[in-house]
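What follows is calculated from the coordinates using simple rules that are stated; it is not laboratory data. Everything quoted here is computed from the prediction, not taken from an experiment. We place every Cβ from the backbone using ideal geometry, glycine too, and count neighbours over all the protein chains shown.
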Amino acid sequence: MIDVQELEGGLTKVILSGRIDFAGAQAIDAPMKAVASSSKSVVIDLSAVDFIASMGLRILIMCAKTIHSRSGRVVLLGAKKGVADVIHMSGVDELIPVFDAEADAISAAVPA
């Protein structure tokens, strides 16, 4: 469901998978809060997420707001069409940029 990796250059990569419905959101809530409180440059990989509900979106938004409050950056990576549609229709992509290519996501997340 969630895998957190610390990469070079102070980048944190969060890999989410499965369904982020009620149960999925509960499973990722605490780990995402930990990432938000300790990381400044974060790529959230959604390529293995099949479904995201409003509770999942809320967790992404709260993580991004926490990191942004410390002048950090959060980006989303590789959302499948259905998940990308939900992100776009909800307006989350206006707060958290979405990228298809990992190199682009990393470049956007890590300050120059």
Exercise. Listed residues 35, 4, 14; which is of a type in the set (A, V, I, L, M, F, W, C), touching a Cys at 6+ places or on another chain (Cβ under 7 Å) and within 21 Å of residue 107 (Cα to Cα)?
Worked result: 35
Exercise. In this structure, does residue 47 turn out to be surrounded by fewer than 18 Cβ atoms within 10 Å (Cβ to Cβ) and closer than 19 Å to residue 7 by Cβ?
Worked result: yes
For this session: Collect the residues in region 1-11 that are touching a residue at least 12 places away in the same chain (Cβ under 8 Å) and under 18 Å from residue 27 (Cβ atoms), keeping them in residue-number order.
Result: 1, 2, 3, 4
Exercise. Is it the case that some residue within region 64-84 is surrounded by fewer than 19 Cβ atoms within 10 Å (Cβ to Cβ), of a type in the set (A, V, I, L, M, F, W, C) and either closer than 18 Å to residue 2 by Cβ or touching a residue at least 12 places away in the same chain (Cβ under 8 Å) (or both)?
Worked result: yes
For this session: Pull up region 47-66, narrow it to residues that are hydrophobic (A, V, I, L, M, F, W, C) and touching a helix residue (DSSP H, G or I) at 6+ places or on another chain (Cβ under 6 Å), then point me to the one that is farthest from residue 80 (Cα to Cα).
Result: 63
Exercise. Does residue 14 satisfy being within 13 Å of the chain's Cα centre (by Cα) and either surrounded by 14 or more Cβ atoms within 10 Å (Cβ to Cβ) or in contact (Cβ under 8 Å) with a residue 24 or more places away in the chain (or both)?
Worked result: yes
Seminar exercise, completed: Listed by range, strands (runs of 3 or more DSSP E) wholly within the chain having at least 2 residues that are among the basic types (Lys, Arg) are 11-20
